[in-house]
Structures are given as C-alpha cells and as structure tokens.
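Structure first, then comments.
The values are calculated or read from the model by the stated rules, or taken from the named source; none is laboratory data. It should be emphasised that the depicted structure is a prediction, and the values quoted were computed from it without experimental measurement. Cβ placement follows ideal geometry from the backbone for every residue including glycine, while neighbour counts extend to all protein chains displayed. Each accessible area value is taken on the protein alone, full model and side chains, heavy atoms only, with ligands, DNA and RNA left out. Shrake-Rupley method; radii C 1.70, N 1.55, O 1.52, S 1.80 Å.
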Amino acid sequence: MRMILHYLKPHRWGMLCGFLIKVLGTFADLGLPWVLAYILDNVVPLGRISLVLWWGVVMAGLAVAARLLNIKANRMASKVARDTIEVIRHDLFHKILYLSGSQTDAFGIPSLISRLTSDSYNVHSMIGRVQRIGVRAPIILVGGILITFTLEPVLTLVLIATLPLLSVIVYRVSKKGIPLYTKVSQSVDSVVRVMRENISGIRVVKALSKTDYEYGRFRENNRVLAENEFKAGITMAISSPMMNLILNLGLTAIVVVGAYRVNAGDSGPGGIVAFLSYFTMILNAMMSITRVFVDISKATASADRIALVLASEDELAVREGLQAGQEDAHAAGKEGAPAAQVSDSGAARIEFEHVSFGYHAKDGKKDKLCLKDIDFRIMPGESLGILGATGSGKSTIANLMMRFYDVSEGCVKIDGRDVREYTPQSLREKFSVVFQNDTVFNDSLLENIRFGREIDDAAVVRAAKDACAYDFIMEKEGALEYEAAIGGANLSGGQKQRLLITRALAGRSEILVLDDSSSALDYKTDAKLRQAIRAGYAGMTIVMIAQRVSSLMGLDHILVLEDGEAIGYGTHEELMEHCAVYREIYEVQMGGM
C-alpha cells in the first residue's frame, strides 16, 4: 500500500480538490431528508402553498447540486486513477525490461504478465472506488448520525448500537481477505502460464494429438483458481448478509420505537420519515464501505506483488567505481594485461577467464553448475564456433557475453573490460544476435529488420541478400511492407530464420552472434549464408553456435562442450586430430568423408 501512496503523491492536489467537491455533493445529499422533515413538520401545517413550493425548489436545487458535484468529483477520481495506473504500468514494464535473466526466471513470465494486467487493474479499481465511495460513504455515515441526533436522539442511539458489530465484521473479514486474494493472484499466474504455453505452441499440441492432455492441464489449473476465488469470495461475501441482518434488525427496532414515540406525541411524522431516509442512506453507506474493503483487500495483495518487482535489486548495475567508456584501469594495471580499447577494425575482443555458472533454482539457491571453468580468447575479427549436445551450455555462453546473467566464478571480458563494468545498453550495442526461437513481431518485414534502428533501405536490402532472404521477401505481396503475423506464423521456419539473420546483419555491430540460427535452412542455403558472412562481414567478431559441423569447420576457433565443460578447443584440423568427440560427430554427420 505504501507503493500506491507513493504514486498518488503527484496527484495530491487534484485528489484534494476532488475530495472537497465530493464532500459538498455529499452534504447536498444529506440535506434532502432534513428539508423534507422540515416541510412535513413545519411548513405543511401552515397551509401556505407558496411556502411549500419555495421549499420544494430548495429540495430540487439540492438534488441537482448533489448530482452535478458528484459527477464532477467522480470524473476527477477516474482521471487520477487512470493517470496513476498509467505511471505504475509504465514503471513496472520498464523494470521488467531491465530485470536480469535470473530475476525473470524467478518471477516467471506468466507472473510478470498477470502483474502488468490483472494486478494493475485491481489497483486501478481500488484507487477509483476509494475516491468515489471511500469519501462519500464515511461522510454519509458520520454526517447522517449527527443529523439524526438533532431529529431523533432516542432512535439514533438504537442506530449507534449496531455500529460496533458492523465494524468488527468489516475488520475481521478484510483481515482474512488479503492472503486469500494473494493466493488467487498466484493461481492466475498458473492459468496464464498454461494459456501462454498452449497458445504459443498450439501447432505442436495439435500435431502430437495432445489437445485432451493440455485441456486437462488447463482444467486443473482453472479448477484451483476457481476454488481460490470461491474461498475469497465466500469469505468477503459473509460481510454483506451479516451486515444486512444487523441493520435490518436495527431498522425493525427503529420502526417499533418510532411508532410508540409518534403515538405518544414525542416525535413528528416528518422526523420519522427523515430518520428512515437517513437510516437507508447509512445502510447503503455501510454496504459501500464493505465493497471498498473488498477492493482494498484485492488491491493490497496486488500492490504487494507489483512492489516486489519494482523494489527488486538492479542485478545488472555497473560495477561500482567504474563507468562504461572508460579504460579498465584495473585490468591495465595487471602485469601483462591489455588496456581496454576497441580494435581499429571495429570488431571486439572476447575473453572468458575461467568462467563457471549455474542458474538459480526456484528456491533461490544455485543449481549445479552448467558451465565449468570455460577459458578462451577471441581476437577482433576472428570467429568462434561452439559445438555440443543439447544442454551442454552453448546458449549460456552467449547469455553471459551479453550479461543476461552474471557469472558464478571467473569473468567475461569484452575489449579487455569485464562486462559488469559496462551499462547494459552500451554492452549490448556491441552485439548483433539471433537467438534460438527468436521473435518475429506483428509488423512489416521492413520494421522487423530495422527494429527501431536507423538503417537505410540499401543496408536492409544488402543484409537481406546476404542472409538469402531477399528472394522470398520480394515474392511476398508488398515485399518489405508485407506484414508478418505474431510470432511469424505466416512465414515458414526457414523464412523466419533468414529474416532474423537479416535483422542481425543489418545492424553491423562489433560482434555477431548466431545461436543455432540456421537449423531450419537446407545445406545449400546454409553454405551460401556462411560464404556471404565470410565475404561481407569479415571485420566483425563472429560467434556461431550450431549442431552441424559443416557450419563451423571453416571458423578460426571451435569450442566443443560436453556437460558444461570444454573438452576441445582449436581449429577444425586440430580438433580432428586431438578431440575424439569432435571427430566422432564429424564422422557421423559427414559420413566419414
């Protein structure tokens, strides 16, 4: 809740103005029954129609003023809620973009999605309702009681006797509601995760005839969500019937006591009518307060989840005392260590110095190491191929280069400087990259290639030709303006890979990383791509991760991984002579030729 107050602070004057308008509108509503009682008890007995009409005009004026003031206040409340949640969503999305890989893994993508959507919606609803009902209801409750004291003190005491019971109900129910709504939010995360997995992998699910199995998974998660929502709803719903019971018993007592007082001549009919009107208003106010507490319970649970992300530590902060763009004085001061500087060729030097790494487990502890003592150096303009079985740590090396994760031991250096001494932006500007299962966006092919960068048409066309994508692009209706579907669903696997490679080549950064980016290409297209990269991008430092020996055998260095360990490093010829695993892979794939 402290997080919500922080975001409301810039709107405090607008909220104050809205509160004052809402107060005036509520006072106008409170004045109507009092004027009615005055007319019935004091004006009507005089028999003067003109006076009755005059007080009728006063009532109409109060009614119109109440409506107009409440409408204005409600609109101001909606504006504050809209503007506040816009900033919260903006900051939350910005924070998510800069989370480290381990933090993203810990929160989970489905959970981050639900925090941006359902949790922010709960906070939005609460901010609006508190400003509208949270101001009006307490004023009607307190103001109504004070006015009824002036009309019927005895009946007011009957009313007040019910309030402590109502307060206890609201407090106890709200206290139980917050943890229940937290469980609901966690169940929403699970449902979103299953939905996301199935929608993104719908073709695989259908191809393997697993629709019934996945439906069962969704049904189970949906059942748990429904049960948690039911428990939370039942708990919060207890308050309404219990409050109604207490208030209706109080209303019955008031009617009975009021009837005796009228018969005894102690009260007038106007006062009783007004008191019943105030009692109804107070009843509705109490019910409204209950709904506000339900919203506050939901919003508190949601705000805590949002605040947890916003308050998460910046794991990718620049190492203290050093700024990107400065020379690495520490490295330069070591005996034999080179100063950090970019090569004249425009390429970058990559160094892994005894790097070990393990991903975070769900309990926050480290899993077993998936990379162990990796040590190599790639000079500017050289190329490195990484070969290994699935799960051997190939993609992890690319992730560590770009500092999506921080190493557990050792260090990764670019141009002689530890990657932790760069800002994330300055580090990643050095890379053009194609990851496994990379993303094609729902936009034109041209914008998918440019990706918000200032790249002219000539550079786009050249990159498309080098990536063997130009021909299929030109065959599309509209060519570069052809709109790709979400995830590239209207492109074949090979077309998506060539489009993604075009995006990477068009950037012409210092380092080109291709992570299994040609797996969907035929051998002929793969060979043409490698030839184009060697001819046109020789000035870049190239890191290529692949399953095919044929894709890597022409590179300057090849790193062979097995279970996270480097079991071979050298040229193709050196590995054929000294690395049995590499030689076996080569013979299997190339037929011993």
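Quick check: residue separation of Arg2 and Glu227 times 0.36 nm, minus the Cα distance between them. What number comes out in nm? Working shown, then result.
Details: separation 225, 0.36 × 225 = 81.00 nm, distance 2.97 nm.
Separation in residues times 0.36 nm, less the Cα-Cα distance, equals 78.0 nm.
Any idea how far apart Ile199 and Glu584 come out in nm if each label point goes 7 Å out from Cα toward Cβ?
Inter-label distance under the simple model: 4.4 nm.
Working with all protein chains in place, sort Trp13, Trp55, Trp34 by solvent-accessible area computed with a 1.4 Å probe, largest first.
Trp13, Trp34, Trp55
What's the center-to-center distance, using Cα atoms, between segment 485-550 and segment 254-298 in Å?
First find each Cα centre; the distance between them is then 75 Å.
Tell me, what ³J(HN,Hα) does each residue in segment 530-537 have, in order and in whole Hz, if you take phi through Karplus 6.51 cos²θ - 1.76 cosθ + 1.60 with θ = phi - 60° and put x for Gly and Pro?
So the Karplus estimates, Gly and Pro as x, are 5, 5, 5, 5, 4, 7, x, 9 Hz.
In the neighborhood of Ala389, defined by Cβ-to-Cβ distances under 14 Å, what is the net charge if each Lys or Arg adds +1 and each Asp or Glu adds -1? Write out the running numbers ahead of the final one.
Values: positive: Lys394, Arg548; negative: Asp516, Glu562, Asp563, Glu565, Glu584.
Summing Lys/Arg as +1 and Asp/Glu as -1 gives -3.
What FRET efficiency do you get for Phe451 and Lys9 if R0 is 41 Å and r is their Cβ-Cβ distance, rounded to the nearest 0.05? List each step's numbers first, then the result.
Numbers: r = 37 Å, r/R0 = 0.89.
Computed FRET efficiency for Phe451 and Lys9 comes out at 0.65.
Can you work out ³J(HN,Hα) from phi for every residue in segment 296-303, in order, using Karplus 6.51 cos²θ - 1.76 cosθ + 1.60 and θ = phi - 60°, giving whole Hz and x for Gly and Pro?
Each residue of segment 296-303 in turn: 5, 4, 4, 5, 5, 4, 5, 5 Hz.
Spin-label point model (7 Å from Cα, Cβ direction): what's the Ala253 to Ala479 distance in nm?
It is 8.5 nm.
Whenever you get a sec, compute what percent of the accessible area on segment 9-62 sits on carbon and sulfur atoms (1.4 Å probe).
Working: 2500 of 3230 Å².
Exposed carbon and sulfur together represent 77 percent of the surface.
Out of residues 5 or more away from Val513 or on other chains, whose amide H comes under 5 Å of its own, with H placed 1.01 Å from N in the peptide plane?
Amide H to amide H, under 5 Å and 5 or more residues apart or across chains, Val513 pairs with Ser432, Val433, Val434, Val543.
Counting Lys and Arg as +1 and Asp and Glu as -1, each charge on the Cβ, what is the dipole of segment 345-470 about the Cα centre in debye, to the nearest 20?
Numbers: 18 positive and 20 negative charges, 60 e Å.
Around 300 debye, computed over segment 345-470.
Dipole of segment 34-83, Cα-centred, from +1 at each Lys and Arg C-beta and -1 at each Asp and Glu C-beta, to the nearest 20 debye?
Details: 6 positive and 2 negative charges, 66 e Å.
The dipole of segment 34-83 has a size of about 320 debye.
Which of the listed residues, Ser209, Ser190, His124, is farthest toward the dipole's positive end in segment 124-252, when Lys, Arg count +1 and Asp, Glu count -1 at the beta-carbon?
The residue sitting most towards the positive pole is Ser209.
First compute the accessible area of segment 489-593 with a 1.4 Å probe, then give the percent of it belonging to carbon and sulfur atoms. Provide the component values of the computation, followed by the final result.
Numbers: 2280 of 4530 Å².
About 50 percent, which is the carbon plus sulfur part of the accessible surface.
Suppose the Debye formula is applied to equal point scatterers at every Cα of segment 1-115; what is log10 I(q)/I(0) at q = 0.22 Å⁻¹?
Calculated log10 I(q)/I(0) at the listed q: -1.11.
How large is ³J(HN,Hα) for each residue in segment 565-572, as worked out from phi by the Karplus curve 6.51 cos²θ - 1.76 cosθ + 1.60 (θ = phi - 60°), to whole Hz, x for Gly and Pro?
10, 7, 9, x, 8, x, 7, 4
Just tell me which lysines come within less than 26 Å, Cα to Cα, of Lys183; anything on the same chain fewer than 8 places away is out.
Lys95, Lys175, Lys231, Lys298, Lys362, Lys365
Counting heavy atoms of the protein chains only and a 1.4 Å probe, report the per residue accessible area for the chain as a whole number of Å². Don't skip to the answer; put the middle values down first.
On the way: 29990 Å² over 593 residues.
With the other protein chains kept in place, the chain gives 51 Å² per residue.
Starting from the Cα of Ala63, step 7 Å along the direction of its Cβ; do the same at Thr280; then give the gap between the two resulting points in nm.
So the two model labels end up 1.3 nm from each other.
Given the protein chains as shown and a 1.4 Å probe, how many square angstrom of Asp266 are accessible, to the nearest 10?
100
Among the lysines, which fall within straight-line cross-link reach of Lys72, defined as a Cα-Cα distance under 22 Å, with same-chain neighbours fewer than 8 residues apart omitted?
Reachable lysines: Lys9, Lys22.
Which lysines, if any, have their Cα less than 20 Å from the Cα of Lys496, not counting same-chain residues under 8 positions apart?
Reachable lysines: Lys465, Lys476, Lys524, Lys528.
Specify which residue in the list Ser517, Ala77, Met243 is farthest towards the positive end of the charge dipole of the chain, using unit charges on the beta carbon of Lys, Arg (+1) and Asp, Glu (-1), about the Cα centre.
Met243
Which percent of the accessible area of segment 366-438 is formed by carbon and sulfur heavy atoms (probe 1.4 angstrom)? Display every interim value, and only then the final one.
Values: 1270 of 2770 Å².
In segment 366-438, the share of accessible area belonging to carbon and sulfur is 46 percent.
Taking the Cα centroid of segment 404-455 and of segment 105-149, what is the distance between the two, rounded to the nearest whole Å?
Spelled out, the Cα-based centre of one part sits 40 Å from the other.
Taking the Cα centre as origin and putting +1 on Lys and Arg beta-carbons and -1 on Asp and Glu beta-carbons, what dipole magnitude results for the chain, to the nearest 20 debye?
That gives a dipole near 3260 debye.
Just reorder Cys468, Cys17 by solvent-accessible area, largest first, 1.4 Å probe, all chains present. Present the calculation step by step, with values, prior to reporting the outcome.
Working: Cys468 25, Cys17 60 Å².
The ranking, largest first, comes out as Cys17, Cys468.
Which net charge results when you count Lys and Arg as +1 and Asp and Glu as -1 among the other residues whose beta-carbon is under 13 Å from that of Ala459?
On the way: positive: Arg450, Arg453, Arg462, Lys465, Arg503, Arg508; negative: Glu454, Asp456, Asp457, Asp466.
For residues surrounding Ala459, the net value is +2.
Can you find, among Val292, Pro380, Phe472, the residue sitting farthest towards the positive end of the charge dipole of the chain, where Lys and Arg contribute +1 and Asp and Glu -1 at Cβ?
Checking the options against the dipole of the chain, the answer is Val292.
Among (1) 70, 24, 24; (2) 54, 26, 23; (3) 56, 27, 26, which is the computed semi-axes √(5λ) of the Cα gyration tensor in Å?
The value matching this structure is (1).
Could you please report the charge total around Ala65, scoring K, R as +1 and D, E as -1 over all other residues with beta-carbon less than 13 angstrom from its beta-carbon? Show your work: numbers first, answer last.
On the way: positive: Lys22, Arg67, Lys72; negative: Asp29.
Residues near Ala65 contribute +2 overall.
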